[in-house]
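Scroll down for the structure; my scribbles are underneath it.
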Amino acid sequence: MRMRQLQSPRQQRSGRFLRCLLVTAVVCFLFSPGAAQTTLESQSQTSPDDVKKFSGVFSQLGELLQKMQARVESPAARNQSRLLALLPESTLVYAAFPNYGEASHQALAVFQQEIKDNAQLRAWWQQGEMATEGPKIEENLEKFYQLSQYLGDEVVISAASSGKEDPKFLMLAEVRRPGLKEFLCQALRDQAGKSKPAALVLDITELAAAKNVPSDQAVILVRPELVILAENFDTLRTFNERLEHTTQDFASTEFGQRVNQGYEGGATIVAGADFQRIFKLSSTSLQNNPTFQRTGFADMKYLVWERKNVAGQAASQVELSFTGPRRGVASWLAAPGPLNSLDFVSPKAVVTLSLLLKNPAQIFDDVKDLATASNRNALATLSQAEEQMKLSVRDDLFSRLAGEITLEMDRLTPPDQKWKLLLKTNDSAGLLATLNKFFAASHITPGNSEEDGVTYYTVPLPSSPKPQEIAYAIVDSYLIIGSSRNAVAEAVHLHGSGDSLAKSSKFQAALPPGNLAEMSALLYEDPVAMAALSMRQASPEMAALFSQSTTETTPAVICGYGDESALREVSRSGGVDAGAALIVAAIAIPNLLRARIAANESSAVAMIRTVNTAQVIYSSSYPQRGFARDLAALGPDPRGSSAPSADHASLIDATLGNANCAAGAWCTKSGFQFSLSATCKQHRCDEFVVLGTPANSNTGSRSFCSTSDAVVRYQLGPPLTAPISASECLKWAPLQ
C-alpha cells in the first residue's frame, strides 16, 4: 500500500495505460491464432515435460510485463474533447479513446529488446511458424505507430440517427501533420494486395467530384485538420457538409452535456449511449412492450463509461441512469450499505458475489407479477406445493430475509466442490422454523450437532459414488449454508477470528477508491485461481502449475451502487498485472486447442460426406465400375483434361483427388489424413470405406469413417496408422 501511495503521477498513468496496452500490444499478439497454433503443434497432449516448457515461457512473459510497467508511459488524461462538438445532435452512441501509438511503440521496443536479451523467450518466439508470423505482427504494430504520428491525442467513434433510419457510424480524429492521405492509400494497397482496398481515401476536392461510389464502400476523408472514416459515401458527405456550418449540436444536447461531464477531472476513455433514442429506433418498439415496461428497464436513460483518476487512483466507472426513480426489476438493488456477510468469507475464495437487495418479499411479488402477466397459471405448481407443505414462500421465507446475500465459491469442480451461501435474516427463529417445517413435509430429518454454542444442521444428499451433504447454521442473524459441515464451521471461525476476506490486506488494496464501507454489490475474483480452473479440463498438470503459482496478482474487485435513479459500477483500473500472461495463456491455450480440434473434425466429417456423395454419382455414371477404387479416381485428370472419365471423374478437388491418393494411401487436408479403399470383384467394386483420422493428437481426438450406407461413424482415440475395412467401420458409433 505504501509503495502505491508513493507512485508519481507519471507512474500512475503508466500503470493505468499498461492495463489497456498489455492486452493489445503484447498478450494479443503473443497469443494470436498463428502463434498459439504453432505452440500447440509443437507440444502434444500436455505432459509434465510440456508443463515445464510452458511454465518457463510464462515466467519470462511475466517478467516482460513487469519491465513494461516500469518503462512504458501511458497517454495523459484529457480534460475536454475538441471532437465532441463536431458531432450531430442525433448522436446516440459516443466513444472516445486516447492515441495509444507512442505507448504501443514503447511496448514493442521493450519486447524486441527482451527477445534479443532472453534466450528462452527468443527460442519460443522464433520456433516453427512463429518465425514468420512474429515479424508480421511486429510490422503491423510498427504501421500502427506510424499512423498514430499523423493523428491527434483522441480518436472518437460515434453513431447517429434521426427518425427511423439505421444508425450511421463515424470515426474521426484530428490531423497532426501532412502526408496522412498518401500514407493511408499506401497502407490500404499493401493490406489488400491484389484485392480491392477496404476503403476509399479522398480529400476535399475528390469528395466534391466523386460519383458512383458503391453504397457499401467505406470512405475516408482527409481534411487539413481532420480525418473522418464513414461506413459509406452518403454518410461522409452529409457529415462533411454540416462541418462547414461549425455548429455544436451534440454538445448542446442533454446527452452531449452528460458525456462531456466524463472529461471533468481528466479521463483517458469516455463512452456513452442514449438508450431513449435507441429504444425509439428499435423495430420491436421495446418501450411499448408490456413485459419490458414491467421490468423498469424501459426507463433507462444513459449508459456512460469513464476511465479516470479518482482520489489519486486509476478507476473505471460505469453509470446507468434512468428517467426517474428506479422501479420494477431495475429497483431490486438496494441503496449502499455495509456488507457484513463478507466477514464469513474465506480470503482463499475463488469467486465471491455479494448483493444488497430491497425487500425480498417485494421482489417475490415482482417475480410473481412478471411470471403471471402472460400466463395466469405460471405458478400453479408452486401454489400446490405451498398447500401440501402448509407454507407460504412469500410470508414464511422471503419476508424473513433482510436482503443481504453472499455466495462464495472456493472449489468449483465436482465432486469436491466447496461453496457457501450467506443470507441475512430479520427473524432467525422464524426462518429456522420454516426450514424445519419444509424438511418435515419432505420427510427429511436433518442431523444436528453443537460446537462452541453453534448448532450445525446437516442434510444428506443422494449421490454416487461419494455421499454428499449440505449443512447450515444461523450465527449473528446470518443463515450460513455450505457444501459441508466443515465449510459452514470455517465460515463461523472466520467471523469470530477476524481472518476473513473482508479484513485481508489483499482485498482492501484491490478495492476501488471512494466509499469503501458501504456498497450495494460486490464481485471478487482471484484471477490465478480462475486461470487454473480454466486449465483443469485441458491439462490437469498445467492447472496444478497455476494453483501452485506464487506470482503476485491483484484480485479483480467490482463494486456496485444503487442510487435512486441510477446504477453505478466502480472498479480499479481493469486489465492485467505481472501475472496476466499466466492468466491469458491459461484461458487461451485450451480454448484454442478445443476450437482448432472442433474445426478440424467438422471439416473431416464434411469431407467424408462429400466422398459419399461423389461415390453415389460415380456408381450411377459408371455402373460397370460400381464404386471408385480410390480418391484419385474421384478427382480431376492430372493431365489437365476437363472431360470426366471412370479413371478421373472430377467429382472432388485435387487436394485429395490426386494421383498420390491411390488405394490405401493417406492424403492430408485440414489436420486430417484421408484414405479410400474398395471391395472389388474383377473390375466392379460393390463396397467401399472412406476414413479420416487426425494427422496427430493435436489436430483431433476422433477418427471418422463411412461405407456405402452413407452413415458417418466415429471412434475416440489416437490417430490410426492404417486404413480399416468396411466391416470394421460398421462397428463404430454413428455420428449424431
So which of Lys280/Lys301; Lys143/Lys669; Lys67/Lys348 end up more than 23 Å apart, counting from Cα to Cα?
Lys143/Lys669; Lys67/Lys348
Going 7 Å from the Cα of Glu469 along its beta-carbon direction, which residues of the range 407-445 have the amide nitrogen within less than 14 Å of the resulting point?
445
Under the 0.36 nm per residue contour assumption, what length would be gained going from the current alpha-carbon distance of Ala509 and Ala361 to full extension?
49.7 nm
For Lys368, counting only lysines whose alpha-carbon sits under 18 Å away and dropping same-chain residues fewer than eight positions off, the answer is Lys358
Once Ser620 and Ser477 are pulled to full extension, the length gained, defined as 0.36 nm per residue separation minus their Cα-Cα distance, is 43.5 nm
Peptides 697-707, 259-269, 438-448: what's the order by average Cβ count within 10 Å, highest mean first?
697-707, 259-269, 438-448
Please list the non-local residues whose amide H lies under 5 Å from the amide H of Val345, H modeled 1.01 Å from N, same-chain partners needing a gap of 5 or more.
Leu501, Ala502
The distance between the Cα centres of the range 324-357 and the range 169-196, in whole Å, is 48 Å
How far apart, in nanometres, would the label points at Cys680 and Asp709 be if each is projected 7 angstrom from Cα along the Cα-to-Cβ direction?
2.5 nm
Cβ-Cβ FRET estimate between Ala76 and Ser727, R0 fixed at 56 Å, reported to 0.05:
0.15
PRE reach from Val213 (point 7 Å along Cα→Cβ): which of the range 146-166 fall under 19 Å by backbone N?
156-161, 166
Between Arg177 and Asp234, the two model label points (7 Å from Cα along the beta-carbon direction) sit apart by a distance in nm of 3.9 nm
Could you check the spin-label model distance between Ile204 and Gln293? Points 7 Å from the Cα along Cα→Cβ, value in nm.
5.1 nm
Based on the Cβ-Cβ distance of Lys669 and Ala119, what FRET efficiency does E = 1/(1 + (r/R0)^6) give at R0 = 41 Å, to the nearest 0.05?
0.65
Quick check on the range 380-527: take the gyration tensor over C-alpha atoms, sort the square-rooted eigenvalues as a ≥ b ≥ c, and tell me if it's rounded (a/c under 1.5), prolate or oblate.
prolate
With Cβ to Cβ distances under 14 Å as the rule, what net charge do the other residues near Thr253 carry (K, R +1; D, E -1)?
-1
Within-15-Å neighbourhood charge of Leu651 [Cβ basis; K, R +1; D, E -1]:
-1
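Show me 333-339, 681-687, 652-658, 374-380 ranked by packing, highest mean number of other Cβ atoms within 10 Å first.
Numbers: 333-339: 17.1, 681-687: 12.4, 652-658: 18.7, 374-380: 10.9.
Going by the mean number of other Cβ atoms within 10 Å, highest first, we get 652-658, 333-339, 681-687, 374-380.
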Which aspartates and glutamates, on any chain, are close to Lys420 with Cα under 12 Å apart, when same-chain ones fewer than 8 places away are left out?
Glu408, Asp410, Glu490
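Any read-out appearing in this document is the output of simple, stated calculations on the displayed coordinates, not a laboratory observation. Please read all numbers here as calculations on a predicted model, not as lab measurements. Cβ sites come from the backbone with ideal geometry, for glycine too, and all protein chains shown count toward neighbours.
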